[in-house]
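A short reminder: the numbers here are calculations on the coordinates, not readings from a lab. Here the structure is a predicted model, which is why all the values come from computation and not from measurement. With ideal geometry, Cβ positions are generated from the backbone for all residues, glycine too; neighbour counts draw on all protein chains shown.
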Amino acid sequence: MSPEWQTVWLTLKLAGITTALLMVIGTPIAWWLARSSHWLRQPVAALVALPLVLPPTVLGFYLLLLMGPEGVVGTLTDTLGLGTLPFTFAGLVVASVLYSLPFTVQPLQNVFSTINERMLEVAATLRASPLDRFFTVVIPLARPGFLTAAVLTFAHTLGEFGVVLMIGGNIPGETRVLSVAIYDHVETLQYGSAHLLAGGMLVFSFLVLLTLYLINGRLNNGNLKS
Amino acid sequence: MKEPGILARFATGFAGFRLDVDLELPGNGVTALFGHSGCGKTTLLRCIAGLQSCAGKLSVNGDVWQDDNTRLPVHKRPLAYVFQETSLFPHLSVNGNLGFGYHRTPVAQRQIHPPQVIDWLGLSHLLDRRPDRLSGGERQRVAIARALLTSPRLLLMDEPLSALDQLSKREILPYLETLRDSLDIPIVYVSHSPAEVARLADYIVMMDQGRVVTRGCLQETLARPDQPFALEEDAAVIVPAVIRERDPQWHLCRAEFEGGSLWLRDDHQPEPGSRVRLQILARDVSIALAANPDQSIQNLLPARVMDIAADQRPGVTTVRLQAGTTSFLSRITSRSAHQLGLSPGMEVCLQIKSVAIVE
């Protein structure tokens, strides 16, 4: 595999794994934020939204300290025999999950709060247990929200730069992602290679968003009729 | 030992409202929870379903659903609930909606099956439709069918007709009558419509401000002259009867009840032998001391005065009379009651100006 393709593949892999993990982690958080009236709700919502406003380097800096050999997480992973996470692909995944968390949680929270409580009551009177209700009523009704969340998370992870640079560096095949590669090419005045990656990314991102809007438009039209 | 019937005792309070009931309801037939909006009838129904948590005890035909130690969650209670407004799952077809509860009911407990319900509620041509392509009445029929397919041991209905227009109501009522007559389970029906209650209920519980004011079998309760629920102009008795003959010449038919028979207009053209519920408004019943056939009113019945009660409105008296074993109410002016010298036990003649078949 050429180094360019290796970078593209690594970036897609990172975005894919991050999206998959966030769908699992973000869904319960979003459900809780949408339904709970616990006093911790606002603090948790603020915490989840932090990556939206923090410079990525700040997030990366603290993650580097935490996951490094001296940090709490680093000590833990070291004792577990996992080594330390910075400058590894696993470290990038952890950082991306935190960095993209709001892009998963917020669309899901929005769609969950629009789901009529009555639908869940109906399902309960039809013998569906809480988990059953979630999978057979909430998820189908929240489909547009899941689609938006997945696409935004994926696209946002594709473009991450600051966090990667802080904790992942630039190791080809391990932590070297698209945005870092483009930066490198520009630094070394290889504008042709930079164009190829940057242009490819531009077209890809546009196509992803276009697909999202088309599908959501269709889903919403379907819902409007009811 | 299985105790038949529904025993429900609930006490709960929230946001300035208190529900405090201790009820024993029959284990079959239709019980109407009746009262003005805000009287707590829906809250009581939700407590029975377990949709609302409230302290209390509940057992249904011998099975304990809730007491001090246990409280079955909603999905473990073998009940069906029909909500006031449309509650079909928008992401499923009619067929998918019908199957939702059916597939979650253990095979051994399934007693009601799709073909039966589709037939009862006339759904065969709708099965592939999406809920957004159904009329209001059709949606509610699907919702009722979906609920029944869990083979419930108790059917709860929260004003299932109130969100519908008159035409859809008239379309659904016969289906509800079919259910009442075909199902062998208790139905608790919340309503604020005297007409629906008169047509469907066997037993009635009247509620006000979170408490039960009166309860009893429909006929006896409606025939009480001292009803706490002032129906005033609408006070009426319901008399079950059987159509015996039709007279095409005068466009009349004769309905026989326990203690006599009445002639009524043959508008519905019921078949002789069919069972009907007659509604007789108290204001359409007058009293004479002796039968006088020389008058326009044709329905004259010998009857006995049972109770006399002053109405909430001044100058009006409500009299309960019995013809055979059937009770009638008559609303007359207090002056007439005084001039006739009415007193309990007196033999009089009832003059009934108009009789209607309940629909």
Review point. Averaged over B:80-90, how many beta carbons belonging to a partner chain fall within 10 Å of each residue's beta carbon?
Key: 4
Practice item. Would you mind checking the tilt of helix B:136-148 against the longest principal axis of the Cα atoms of chain B, expressed as 0 to 90 degrees and rounded to 10? Key: 70
Point to revise | Those trypsin sites (Lys or Arg not before Pro) in the stretch B:7-90 that DSSP places in a loop and that have at most 14 other beta carbons within 10 Å | key: none
Check your understanding: Dividing the alpha-carbon Rg of the protein assembly as shown by 2.2 N^0.38 Å yields what?
Key -> 1.41
Exercise for review: Considering Cα pairs under 8 angstrom that are at least six residues apart, work out the relative contact order of the stretch A:3-225 and quote it in whole percent.
Suggested key: 29
Point to revise | Under 13 Å from the Cα of B:K353 - aspartates and glutamates, other chains or at least 8 residues apart | key: B:D284
Review point. Given the stretch A:17-162 reduced to its alpha-carbon atoms as identical point scatterers, what log10 I(q)/I(0) does the Debye formula return at q = 0.09, 0.11, 0.13, 0.14 Å⁻¹?
Key: -0.35, -0.50, -0.67, -0.75
Check your understanding: Using just the C-alpha positions of the stretch B:6-222 as equal point scatterers, what log10 of I(q)/I(0) does the Debye formula give at each q in 0.08, 0.12, 0.17 1/Å?
Key -> -0.27, -0.62, -1.25
Check your understanding: Could you give the angle, 0 to 90 degrees to the nearest 10, between helix B:94-104's Cα long axis and the longest principal axis of the Cα atoms of chain B?
Key -> 70
Exercise for review: Take the Cα gyration tensor of the stretch B:234-357, multiply each eigenvalue by 5, square-root it, and list the three semi-axes largest first, rounded to whole angstrom.
Suggested key: 27, 14, 13
Point to revise | Taking chain B and dividing mean pair separation by its residue count, relative contact order in percent (alpha carbons under 8 Å, at least six apart) | key: 16
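Length gain on complete extension for the stretch B:K353 to B:W263, per 0.36 nm per residue less the alpha carbon to alpha carbon distance? List each step's numbers first, then the result.
Numbers: separation 90, 0.36 × 90 = 32.40 nm, distance 1.03 nm.
The span from B:K353 to B:W263 would gain 31.4 nm if fully extended.
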Practice item. Two decimals is fine: what is log10 I(q)/I(0) at q = 0.16, 0.22 Å⁻¹ for the stretch B:46-146, from a Debye sum with one equal scatterer on every Cα and no solvent? Key: -0.78, -1.13
Check your understanding: What residue among B:L126, B:L155, B:L79 shows peak mean-square fluctuation when chain B is described by a Gaussian network model with Cα springs under 10 Å?
Key -> B:L126
Check your understanding: Between the stretch A:159-175 and the stretch B:1-65, how many Å separate their Cα centres?
Key -> 63
Point to revise | 18 Å Cα-Cα reach of B:K76 towards aspartates and glutamates, excluding residues that sit fewer than 8 places from it in its own chain | key: A:E121, A:D132, B:D63, B:D67, B:D68
Practice item. Under 1.5 on a/c is rounded, so check that first for the stretch A:81-226, then, if it is not, pick prolate when a/b is larger than b/c and oblate when it is not; a ≥ b ≥ c are the square roots of the alpha carbon gyration tensor eigenvalues. Key: oblate
Point to revise | the stretch B:35-91: C-alpha pair distances exceeding 18 Å, % | key: 41
Study note, to complete from the structure: Across B:A49, B:A163, B:A145, the residue with the highest GNM fluctuation in chain B (Cα network, 10 Å cutoff) is B:A163
Practice item. Springs between alpha-carbon atoms under 10 Å, Gaussian network over chain B: tell me which of B:F17, B:F34, B:F328 tops the mean-square fluctuations. Key: B:F17
Exercise for review: For B:K41, list the aspartates and glutamates whose Cα falls under 12 Å from its own Cα; do not include residues on the same chain fewer than 8 positions away.
Suggested key: B:D20, B:D158, B:E159, B:D208
Practice item. Just flag the chymotrypsin sites (Phe, Trp or Tyr not before Pro) in the stretch B:231-302 sitting in loop per DSSP whose Cβ has no more than 14 other Cβ atoms within 10 Å. Key: B:W250
**Study point:** Cleavage-rule hits (GluC sites (Glu not before Pro)) in the stretch A:115-163: DSSP loop, at most 14 neighbouring Cβ within 10 angstrom
**Key:** none
Exercise for review: Please tell me the relative contact order of the stretch B:234-357 in percent, rounded to the nearest whole number, where contacts are Cα pairs under 8 Å and at least six residues apart.
Suggested key: 30
Revision key, fill the gap. About its Cα centre, chain A carries a charge dipole, from +1 on Lys and Arg Cβ atoms and -1 on Asp and Glu Cβ atoms, whose size in debye to the nearest 20 is 960
